[in-house]
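Sharing a structure below in structure tokens format, with a few things to ask.
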Amino acid sequence: MALVAVGTCVALRIATSLPMLVIIPIGLIAGAAMTALVTIYFPGHVARPDLIPEPDTVTHTYRARRAFELEGRHYFIELEDRSVMFLSGGYLWNAHMPNSEFVLSWKRLTGFRAGIECIGKPLEPELVVPALTEEEMRSLPADGAILEGRTYDDVKEELTRRRGAA
């Protein structure tokens, strides 16, 4: 309401020569009217932006068998069902990854990663692949991707052959 009231006051002051004592009540009435209209036509709408709830967060728990690291906190993780997941992002810096069990959360509407919680035991990476070039980094899967049709050993062998490993 306040933004509508201020906007109306500014617009009226610029467009007319009415005194401020007339403009302020008009702005307040306009703000109240807009708030009422929004409440009637958009019943789920919250009038104060600071009270708008965050979009729903989706969580999923994963169990890991083993993992290897690409230098810089990027991980290929073999999951319990033998599928391979790739994790990469700033949210991993404070996590105890790789880990035998972890919960990933992300925003339902945007898909942005909301965080990670490690609830298992730390796993020692089987190997650390040296840093990749920018071009090689662009060819990596998206964060959180489950690799289709590729085994953990195949991915590890391919990256080891290309870059060498420590």
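Cβ contacts < 7 Å: first residue closer than 21 Å to Lys156 by Cβ, restricted to segment 113-125; second residue basic (Lys, Arg) and not in a loop (DSSP other than H, G, I, E, B), any location; separation 6+ or different chain. Result?
These pairs meet every condition: Leu123/Arg66.
Determine whether Leu109 is under 30 Å from Asp56 (Cα atoms), within 17 Å of the chain's Cα centre (by Cα) and assigned to a loop (DSSP other than H, G, I, E, B).
Values: under 30 Å from Asp56 (Cα atoms): yes; within 17 Å of the chain's Cα centre (by Cα): yes; assigned to a loop (DSSP other than H, G, I, E, B): yes.
For Leu109, the condition - under 30 Å from Asp56 (Cα atoms), within 17 Å of the chain's Cα centre (by Cα) and assigned to a loop (DSSP other than H, G, I, E, B) - is met.
Being surrounded by 11 or more Cβ atoms within 10 Å (Cβ to Cβ), of a type outside the set (A, V, I, L, M, F, W, C) and farther than 15 Å from Ser88 by Cα narrows it down to one of Glu126, Glu135, Glu148, so name that one. Walk me through it before giving the result.
On the way: Glu135 fails: surrounded by 11 or more Cβ atoms within 10 Å (Cβ to Cβ); Glu148 fails: surrounded by 11 or more Cβ atoms within 10 Å (Cβ to Cβ).
Glu126 is the lone residue from the list that is surrounded by 11 or more Cβ atoms within 10 Å (Cβ to Cβ), of a type outside the set (A, V, I, L, M, F, W, C) and farther than 15 Å from Ser88 by Cα.
Exactly one condition in (1) at pLDDT below 90; (2) on the phi < 0 side of the Ramachandran plot; (3) not hydrophobic (A, V, I, L, M, F, W, C) is false for Gly115; which is it?
With respect to (1) at pLDDT below 90; (2) on the phi < 0 side of the Ramachandran plot; (3) not hydrophobic (A, V, I, L, M, F, W, C), Gly115 is out only on (2).
Could I ask something else about it? Scan segment 151-161 residue by residue and report those that are free of Cβ contacts under 8 Å to residues at least 40 places away in the same chain and surrounded by 13 or more Cβ atoms within 10 Å (Cβ to Cβ).
Thr160
Using beta carbons and a limit of 7 Å, which pairs, at least six apart or on different chains, have the first residue in segment 60-86 and farther than 16 Å from Glu101 by Cβ and the second one among the small types (Gly, Ala, Ser) and exposed (fewer than 13 other Cβ atoms within 10 Å of the Cβ)?
Glu71/Ala131; Gly72/Ala131
Is it the case, given these coordinates, that Leu132 is assigned to a loop (DSSP other than H, G, I, E, B) and more than 23 Å from the chain's Cα centre (by Cα)?
Yes.
Condition (residue is out of contact with any Lys or Arg (no Cβ under 9 Å at 6 or more places or on another chain), outside any strand (DSSP E or B) and hydroxyl-bearing (Ser, Thr, Tyr)) applied to segment 136-157: is it met by at least one residue?
yes
Let me ask something additional. Can we say Gly120 is exposed (fewer than 13 other Cβ atoms within 10 Å of the Cβ) and not aliphatic (A, V, I, L, M)?
For Gly120, the condition - exposed (fewer than 13 other Cβ atoms within 10 Å of the Cβ) and not aliphatic (A, V, I, L, M) - is not met.
The values are calculated or read from the model by the stated rules, or taken from the named source; none is laboratory data. Just so you know, these numbers come straight off a predicted model, no measurement behind them. Don't worry about glycine lacking a Cβ; one is built from the backbone with ideal geometry, like all the others, and counts go over all protein chains shown.
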